[in-house]
Amino acid sequence: MISRRTFTTSLAATLAAPAFAQAPDYRAMMFDILSGDPALFRPALNQVTARKNPDMAAGLIQAMRFTNGSEAEIVKTLRQITGANAGNNWFKWMLWQEANPQVKPHPSFIDFKREVMTRIDPNFADFLQRKYLDPDKMRIRLEEITWGGVRKDGIPSLDNPKMTTPAKAIYMRGDDLIFGVSINGDTRAYPLRIMGWHEMFNEKIGGVNVALAYCTLCGSGILFETKVKGRNRPLVFGSSGFLYRSNKLMFDRQTNSLWNQFTGEPVVGKLASRKIELKQRPVVITTWDAWKAQNPKTKILSLDTGHRRDYGSGVVYAEYFGSNELMFPTNVDQRRHKQKDYVFGIRKFGGAKAWPLKSFKRKKVINDGMLNTPLVLIGDDKSRTVRAYERGGLSFKQKGSGLVSNDGKAWRVTEDALISGNTQLPRVAGHIAYWFAWNGYLGAESELYKG
């Protein structure tokens with residue numbers, strides 16, 4: 001997410017003010033705790049402690065993020081009702097909550113959470129419709145949905161943005177990274193330094209309706225087809241302002257359902273009950289110079305986006321990209337890789353597999369496979385560039401700008417396929433991501449390349 005605003009005392013007070021002055025109930029107790037007023041939050045914490053039930057933990061953790069000066073007392077109460085000693089701040093207790101799904105929130109938590117979020121932005125009610133918020137209707141946990149610091153559409157999507165020619169793209173440096181897309185001969189480049197401010201485009205490329213969902217927090221830009229079975233019009237996506245385990249939740253503008261950016265699945269709202277998974281299309285990260293050389297007829301995203309942003313090289317998210325730390329809480333298995341190591345991941349053929357980007361330091365061409373499908377991957381760890389292709393029964397090695405197979409044939413590397421004469425081996429869709437995101441969402445079902 002772009003903005004990370006700290007709550008002021010006045011905003012916290014606005015959140016804390018009860019909407020109704022009725023007899024105390026569990027929801028009212030949570031707002032008393034949120035208030036930061038000792039005359040209110042101390043008696044409320046005493047009532048929570050006296051119940052000796054961990055079902056109030058979710059509300060306490062939610063309140064802790066926005067309280068003024070009562071964090072220590074909330075932590076004390078959390079320790080008493082859960083028996084856990086997770087830490088002394090909201091970040092640590094969110095990690096505890098993720099790791100303990102058996103602790104179910106009190107029924108009042110749904111309305112409390114919804115009211116807190118809609119006081120931040122009334123438009124959040126579009127996503128948090130009460131009829132869709134019961135646990136059996138959601139595909140993620142409500143208590144783990146986190147406000148990312150911006151309002152609905154606070155990170156504006158680019159819908160059919162202006163493109164320009166390489167000759168006019170004098171704002172680009174040769175080593176600037178771009179997302180490269182080519183569909184049916186329509187070839188386009190989207191600089192990361194621009195997309196970092198927008199995180200989403202909705203386009204028709206080569207006659208195919210697509211959206212690039214870029215989660216800057218998890219380092220992944222994924223190209224999805226937006227025409228889905230059962231719907232007459234292609235879906236159009238935006239950024240909701242919410243996160244789930246440090247991954248953006250995007251939304252479709254037709255139904256306001258929330259979608260997991262990483263899996264391409266609806267998780268909250270009208271479409272959450274449907275078995276929908278957006279189809280991926282190939283996308284590559286590479287340098288502007290390399291992309292131009294391979295695709296001289298490309299178009300490139302113009303600086304004329306209709307928004308005022310600093311689109312300079314290395315500006316957007318510079319501190320986050322230069323750090324090993326995460327901005328928002330999620331548990332990470334770091335026994336094999338550090339949380340912000342890059343991997344290239346493929347979800348296809350009925351499974352998933354990831355190749356650490358550092359695997360390409362020694363070998364630019366890797367002959368491998370997944371689920372009985374032989375693959376060849378061509379990569380460059382410095383520019384985060386990886387392309388994958390089916391290889392049949394062949395194996396490959398690099399030769400100049402192309403490849404040569406073990407039967408002696410030379411092959412051209414294109415955005416659609418490996419080509420030798422009339423023979424083509426198709427491209428396989430995949431994407432770059434930080435290890436924490438890939439492992440967090442696909443760790444249990446994903447293979448990991450160990451070469």
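The values are calculated or read from the model by the stated rules, or taken from the named source; none is laboratory data. Predicted model only: the values in this text are computed from it and were never measured. Cβ placement follows ideal geometry from the backbone for every residue including glycine, while neighbour counts extend to all protein chains displayed. These accessible areas exclude ligands, DNA and RNA; they are computed on the full protein's heavy atoms, side chains included. Shrake-Rupley method; radii C 1.70, N 1.55, O 1.52, S 1.80 Å.
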Practice task
Starting from residues that are hydroxyl-bearing (Ser, Thr, Tyr) and assigned to a loop (DSSP other than H, G, I, E, B), keep the ones in segment 319-333 and report whichever is most open to solvent (accessible area, probe 1.4 Å).
Solution key: SER323
Exercise for the section: Answer yes or no: is there a residue in segment 167-187 that is surrounded by fewer than 18 Cβ atoms within 10 Å (Cβ to Cβ), among the polar types (S, T, N, Q), farther than 29 Å from LYS275 by Cβ and more than 22 Å from the chain's Cα centre (by Cα). Expected result: no
Problem - Subset of segment 433-451 (residues that are among the aliphatic types (A, V, I, L, M) and under 12 Å from the mean Cα position of the chain (by Cα)) - result: ALA433, ALA437
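For segment 260-272, indicate whether the set of residues that are more than 23 Å from TYR132 (Cβ to Cβ), in contact with a Lys or Arg (Cβ under 7 Å, 6 or more places away or on another chain), of a type in the set (Gly, Ala, Ser) and surrounded by fewer than 22 Cβ atoms within 10 Å (Cβ to Cβ) is non-empty.
Here is the first cut: in segment 260-272, the residues more than 23 Å from TYR132 (Cβ to Cβ) are none.
No; the residues of segment 260-272 include none that is more than 23 Å from TYR132 (Cβ to Cβ), in contact with a Lys or Arg (Cβ under 7 Å, 6 or more places away or on another chain), of a type in the set (Gly, Ala, Ser) and surrounded by fewer than 22 Cβ atoms within 10 Å (Cβ to Cβ).
Which ones in segment 415-451 are free of Cβ contacts under 8 Å to residues at least 60 places away in the same chain and either under 24 Å from THR286 (Cβ atoms) or of a type in the set (Gly, Ala, Ser) (or both)?
The initial filter retains those residues of segment 415-451 that are free of Cβ contacts under 8 Å to residues at least 60 places away in the same chain, namely 417-426, 444, 450.
Scanning segment 415-451 gives ALA417, LEU418, ILE419, SER420, GLY421, GLN424, LEU425, PRO426, ALA444.
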Problem - Members of segment 84-110 that are open to solvent by less than 70 Å² (accessible area, probe 1.4 Å) and either touching a strand residue (DSSP E or B) at 6+ places or on another chain (Cβ under 9 Å) or of a type outside the set (A, V, I, L, M, F, W, C) (or both) - result: GLY87, ASN89, MET94, GLN97, GLU98, ASN100, PRO101, PRO105, HIS106, SER108
Exercise for the section: Identify the residue in segment 73-107 that is more than 18 Å from THR330 (Cβ to Cβ), polar (S, T, N, Q) and within 29 Å of the chain's Cα centre (by Cα) and, among all such residues, is modelled with the highest pLDDT. Expected result: GLN102
Problem - Any chance LYS137 is farther than 25 Å from MET327 by Cβ and open to solvent by 30 Å² or more (accessible area, probe 1.4 Å) - result: yes
Practice task
Give segment 335-348 a look and list any residue that's part of a loop (DSSP other than H, G, I, E, B) and either modelled with pLDDT under 95 or hydroxyl-bearing (Ser, Thr, Tyr) (or both), or say none.
Solution key: ARG335, ARG336
Problem - Hits in segment 350-360 (condition: open to solvent by 40 Å² or more (accessible area, probe 1.4 Å) and either modelled with pLDDT under 95 or in contact with a helix residue (DSSP H, G or I) (Cβ under 6 Å, 6 or more places away or on another chain) (or both)) - result: GLY350
Handout entry: Residue pairs meeting the criteria (Cβ under 6 Å; at least 6 apart or on separate chains; first within 19 Å of LEU217 (Cα to Cα), in segment 336-356; second open to solvent by 10 Å² or more (accessible area, probe 1.4 Å) and of a type in the set (S, T, N, Q))
Key = LYS340/ASN324; ALA354/SER446
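Quick check on this structure: which one of ILE222, ILE205 is touching a His at 6+ places or on another chain (Cβ under 6 Å) and either of a type in the set (Val, Ile, Thr) or surrounded by fewer than 23 Cβ atoms within 10 Å (Cβ to Cβ) (or both)?
On the way: ILE205 fails: touching a His at 6+ places or on another chain (Cβ under 6 Å).
When all the criteria are applied, what remains is ILE222.
Give the residue, chosen from GLY440, GLY451, that is open to solvent by 40 Å² or more (accessible area, probe 1.4 Å), in contact with a helix residue (DSSP H, G or I) (Cβ under 7 Å, 6 or more places away or on another chain) and not in a strand (DSSP E or B).
Details: GLY440 fails: in contact with a helix residue (DSSP H, G or I) (Cβ under 7 Å, 6 or more places away or on another chain).
Every option except GLY451 fails the conditions.
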